[in-house]
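The structure under discussion appears below in the form of structure tokens.
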Amino acid sequence: MVWIQRVAPRPFATRRVVCFPHAGGSPYFFRGWAKALGDFDVRAVCYPGRAERIAEKPADDLIAMARQIAQEAVRLMAEDGLPTAFFGHSMGAIVAYETAMELASRGIDLDHFFASGARAPHLMRPDPGARWDDESIAATLVELGGTDAELLHNPAFVELVLPYIGADFRMLASYDAPPRTPLGCAVTALVGADDPRVTLQQASAWRESTRGAFEVRTLPGDHFYLAQNPPFDIIEGSAAGR
């Protein structure tokens with residue numbers, strides 16, 4: 001059960017970024033990032049129920065999952081002491097935040113935190129009664145712009161992928177952020193200018209999640225702006241804020 005996977009070997013990296021995928025996402029979403037971020041050891045989180053962990057049952061408790069990811073992150077960060085940033089997109093931003101909070105509770109600070117395409121945690125409201133059948137999942141995927149509508153007519157996609165996307169949506173719908181002490185690291189919030197689900201105001205509310213420096217950036221594109229225009233320059237420039 002490997003939570004944090006190396007995207008590509010980078011023996012001379014001077015920094016690390018751990019990427020947390022969106023609902024239904026896998027480490028494969030970030031497979032091209034290592035080539036672009038040459039100074040970084042790029043890692044990606046693999047949630048249960050997809051990629052190499054397809055045989056496992058998807059997680060149903062976001063905070064409990066984040067605690068398990070944090071245990072592996074502690075070991076990883078202790079190995080070489082590289083300054084480590086978290087980059088989380090959509091649901092991944094909330095998972096990354098809860099993982100960062102668990103690290104902070106152990107006295108371990110991140111170098112930087114990137115919240116992409118997500119409302120601030122204190123704006124999240126649990127909705128355990130939300131219906132996430134195949135039809136509502138498909139409609140949401142099309143609205144967000146991250147899925148080709150033709151895939152929704154592919155029996156293999158519906159059989160293999162929709163179940164764990166639905167599990168992720170239900171897990172996120174049950175998330176209830178407890179009161180938190182703000183993070184100590186710098187936080188950058190990123191949002192697509194045409195994101196149908198996250199507004200600039202909701203992204204800006206991440207300011208309340210840190211005692212450190214804060215910046216919000218609006219980027220061209222929709223919820224999945226980073227598929228066409230990954231924010232490599234912003235990540236690379238984060239060292240200046242340390």
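For the chain, a Gaussian network of Cα nodes joined below 10 Å ranks S204, S136, S90 by mean-square fluctuation, and the top entry is S136. So between A193 and F12, what do we pick up on full extension, going 0.36 nm a residue minus the alpha carbon distance? Full extension of this stretch gives 61.6 nm more. Only helical runs count toward this figure. For the chain, summing -39,500 (n - 2.57) over DSSP H runs of n ≥ 4 and dividing by all residues gives -9500 deg cm²/dmol at 222 nm. What the Cβ-Cβ distance of D233 and D133 gives, at R0 = 41 Å and to the nearest 0.05, is a FRET efficiency of 0.55.
Taking the C-alpha atoms only, the angle from helix 162-173 to the longest principal axis of the chain is near 60 degrees.
Secondary structure note: in the stretch 1-120, about 15% of the DSSP beta bridges are antiparallel.
For the chain, the longest principal axis of the Cα atoms and the long axis of helix 134-144 meet at an angle of about 50 degrees. Provide, for q = 0.27 Å⁻¹, the log10 of I(q)/I(0) from a solvent-free Debye sum over equal Cα point scatterers in the stretch 15-77. Normalising to I(0) and taking log10 leaves -1.25.
Classification of the stretch 179-242 by its C-alpha gyration tensor yields an oblate form. The axis ratio a/c (a ≥ b ≥ c) is 1.5 or more, and b/c is at least a/b. Rounded to the nearest 20 debye, the dipole magnitude of the chain is 700 debye, with +1 charges on Lys and Arg beta carbons, -1 on Asp and Glu beta carbons, and the Cα centre as origin.
Label positions at L123 and D109, each projected 7 Å from the Cα along the C-beta direction, are separated by 2.7 nm. Between the Cα long axis of helix 62-80 and the first principal axis of the chain there is an angle of about 40°, rounded to the nearest 10. Remark: relative contact order (the chain) = 19 percent; criterion is Cα-Cα distance under 8 angstrom and separation of 6 or more residues. How big is D, in µm² s⁻¹, for the chain by Stokes-Einstein at 4 °C and 1.567 mPa s if Rh is the Kirkwood radius over C-alpha pairs? So the translational diffusion coefficient is about 72 µm²/s.
FYI, it's all coordinate maths here, none of it is from the lab. The shown structure was predicted, so the numbers you read here are calculated from the model rather than taken from an experiment. Using ideal geometry, Cβ is built from the backbone for each residue, glycine included, and neighbour counts are taken over all protein chains shown.
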